[in-house]
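What follows is a set of notes on a single structure, which appears directly below.
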């Protein structure tokens, strides 16, 4: 699924207008615990989160996420925007809550990219 | 790409009715940036074919035909007197006037640009004056060249190609490092000093490490595993140490070794910190999405071997290793 299609599904607002939105997203991951994201994600997914600090972008970069959507209309701090722009990770904010966001995207056909944590 | 459509300074400034900000600056693409960087003298045609006012139009037509150009500047006593374009000649042909002089038909209303101006200035002048070519003059107002929209397009394309080549060369050099330098055992060592409690910049070193590995030609999966492990380790230095520590990456053709060293406070019970969920992190750290007691567990999952040594009030050393299958790093030249 293309990122610009995802933005429509979630009524998203683009926070990094300079970045390319014509990219393929293969799955989704919803979490506020970055250690969980690092532990159990697969590459090329979109990250849905309620955290807005720069560590979210770092985490996304390390784990090969392609974009980040903030839930409940959250606005990231300046450092987060700057880092995302530098690392080429588009940021989107959606007025929807985490539950509805996940529901809409999953219903639209985006698979879960959360893998099982058991070792 | 049409150079005329490049936004002017006023348009960019006026886009949101306020002065240009850092965020706006990010929105300016590389082509626009180049339009402000490149000077007219860098893209103009310097080898000039000129005409004089006394020449006949049919002689100029020959110059245009032989050189496949569509206009020439007209010079009189070393000074620019006008421009004669193919449109002027067509006008003369309509009256069967080809034996007339250049002076009769040339355009005297002179629009020029300065050689030291940026190409954005030339684009604006093209848009305003609706002419296809502009004479370029230097500081002393002497004719030094001609510029067309084609020259601008060509100049921008050449500059973009140069950008692209530079990154290619950088990547090529890095990926051949281990083949170009011959020794019995080559190791590339990168060191980063990590400050304690510096949450805002946490992960910068890990980001540099991941990029370095990709430039060296590492498999993306291996770069990702290293990135995650080293990021957790970097965050541990920031969160838990008294005075920060050193993060080190050692790259060898067959193995990547990452390590962190700090001088305190040390871990009293290593068995305990290896239990998933055990954490001593503060609320501030938890608000960042860390401190869930998963760090070392995550690292262990990403790397092939992890060793941790610690002495209370002395410090901790963490060593993480990833083995590279022979086809990676050194063996990627076949691709």
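The values are calculated or read from the model by the stated rules, or taken from the named source; none is laboratory data. None of these values were measured; they are calculated from a predicted model. Positions of Cβ are backbone-derived with ideal geometry, glycine not excepted, and every protein chain shown enters the neighbour counts.
Residue-by-condition table, conditions (1) in contact with a strand residue (DSSP E or B) (Cβ under 9 Å, 6 or more places away or on another chain); (2) within 14 Å of chain A (Cβ to nearest Cβ):
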| position | (1), (2) |
| --- | --- |
| B:267 | yes, no |
| B:271 | no, no |
| B:277 | no, yes |
| B:285 | no, yes |
| B:292 | no, yes |
| B:301 | no, yes |
| B:306 | yes, yes |
| B:311 | no, no |
| B:325 | no, no |
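Looking at this structure, is residue A:104 more than 8 Å from chain B (Cβ to nearest Cβ), surrounded by 14 or more Cβ atoms within 10 Å (Cβ to Cβ) and over 13 Å from the mean Cα position of the chain (by Cα)? I'd like the intermediate steps shown before the answer.
Working: more than 8 Å from chain B (Cβ to nearest Cβ): yes; surrounded by 14 or more Cβ atoms within 10 Å (Cβ to Cβ): yes; over 13 Å from the mean Cα position of the chain (by Cα): yes.
Yes, satisfied.
Of all the criteria given as (1) closer than 21 Å to residue A:38 by Cα; (2) more than 39 Å from the chain's Cα centre (by Cα); (3) assigned to a helix (DSSP H, G or I), the one not satisfied by residue B:224 is (2). A residue that is in contact (Cβ under 8 Å) with a residue 24 or more places away in the chain, surrounded by 16 or more Cβ atoms within 10 Å (Cβ to Cβ) and within 17 Å of residue A:34 (Cβ to Cβ) occurs somewhere in region B:240-251. Residues in region B:59-73 include none that are farther than 24 Å from residue B:155 by Cα, modelled with pLDDT under 90, out of contact with any helix residue (DSSP H, G or I) (no Cβ under 6 Å at 6 or more places or on another chain) and surrounded by fewer than 18 Cβ atoms within 10 Å (Cβ to Cβ). Looking at A:64, A:32, just one residue is touching a strand residue (DSSP E or B) at 6+ places or on another chain (Cβ under 9 Å), within 12 Å of chain B (Cβ to nearest Cβ) and over 21 Å from residue B:209 (Cβ atoms), and that residue is A:32. Remark: residue B:256 falls outside the filter, which requires a residue to be within 18 Å of residue B:288 (Cβ to Cβ) and at pLDDT 95 or above. Taking region B:137-158 as the range and being crowded, with 20+ Cβ neighbours inside 10 Å and either in a helix (DSSP H, G or I) or touching a helix residue (DSSP H, G or I) at 6+ places or on another chain (Cβ under 6 Å) (or both) as the test, the residues that pass are B:147, B:151, B:152, B:155, B:156. Here residue A:47 passes the criteria (1) more than 9 Å from chain B (Cβ to nearest Cβ); (2) surrounded by fewer than 22 Cβ atoms within 10 Å (Cβ to Cβ); (3) within 26 Å of residue B:197 (Cα to Cα) except the one numbered (2). Across region A:1-20, the qualifying residues are those that are within 14 Å of another protein chain (Cβ to nearest Cβ) and in contact with a strand residue (DSSP E or B) (Cβ under 7 Å, 6 or more places away or on another chain), and the one among them that is surrounded by the most Cβ atoms within 10 Å (Cβ to Cβ) is A:16.
Residues in region B:186-221 that are without any contact (Cβ under 8 Å) to a residue 60 or more places away in the chain and over 26 Å from the mean Cα position of the chain (by Cα): B:193, B:195, B:196, B:197, B:198. Close Cβ contacts (under 7 Å, 6 or more residues apart or on different chains) running from residues in region B:25-44 that are not assigned by TED's automatic domain parsing to the domain that holds residue B:120 to residues that are part of a helix (DSSP H, G or I) and modelled with pLDDT under 70 comprise B:28/B:12.
Tell me whether region B:175-184 contains one or more residues that are within 11 Å of another protein chain (Cβ to nearest Cβ) and not in a loop (DSSP other than H, G, I, E, B).
no
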